[in-house]
Amino acid sequence: MLGPGESPDEAAERELAEELGVRGAPLLPLGRHPYDDGRLRYHIHTYETRWDGPLHHQPDEVVWGGWVTLGELRDLLARPQEWPFVPDGRELTGRWLRG
């Protein structure tokens, strides 16, 4: 979520630090993607980064975090009752996997 007067790049850096404890990792903007589920409409700014340091999940915002292969990720997305991703995260991850 963008804060008042905050750019998408600034928000991405802040969120990465808040949710995963990652600071100083270079962010590569991947683009802006519209999201509309019929009730909510907004734009999602996506980024890529690489990090080999420790992760510290923010317990109020991250229910689970772990490393999975692309095949495992596809399997998790295919089982929404067992792995309830947030709706926009599920949709964007699916788009990313489809290329």
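The values are calculated or read from the model by the stated rules, or taken from the named source; none is laboratory data. The structure presented is a predicted model; accordingly, all values stated were derived computationally and were not measured. As a convention, Cβ positions derive from the backbone with ideal geometry for all residues, glycine included, and neighbour counts pool all protein chains shown.
Things worth noting here:
- Members of the range 1-56 that are assigned to a strand (DSSP E or B), touching a Gly at 6+ places or on another chain (Cβ under 8 Å) and touching a residue at least 40 places away in the same chain (Cβ under 8 Å): THR46
- GLY66 being assigned to a loop (DSSP other than H, G, I, E, B) and closer than 19 Å to GLY94 by Cα: yes
- Unmet requirement for GLU72, which otherwise passes all of (1) under 20 Å from MET1 (Cβ atoms); (2) not assigned by TED's automatic domain parsing to the domain that holds MET1: (1)
- Members of the range 52-79 that are surrounded by 10 or more Cβ atoms within 10 Å (Cβ to Cβ) and in contact with a helix residue (DSSP H, G or I) (Cβ under 8 Å, 6 or more places away or on another chain): LEU55, HIS56, HIS57, GLN58, GLU61, VAL62, GLY65, VAL68, LEU73, ARG74, LEU77
- Hey, LEU40 hydrophobic (A, V, I, L, M, F, W, C) and farther than 16 Å from MET1 by Cα or not: no
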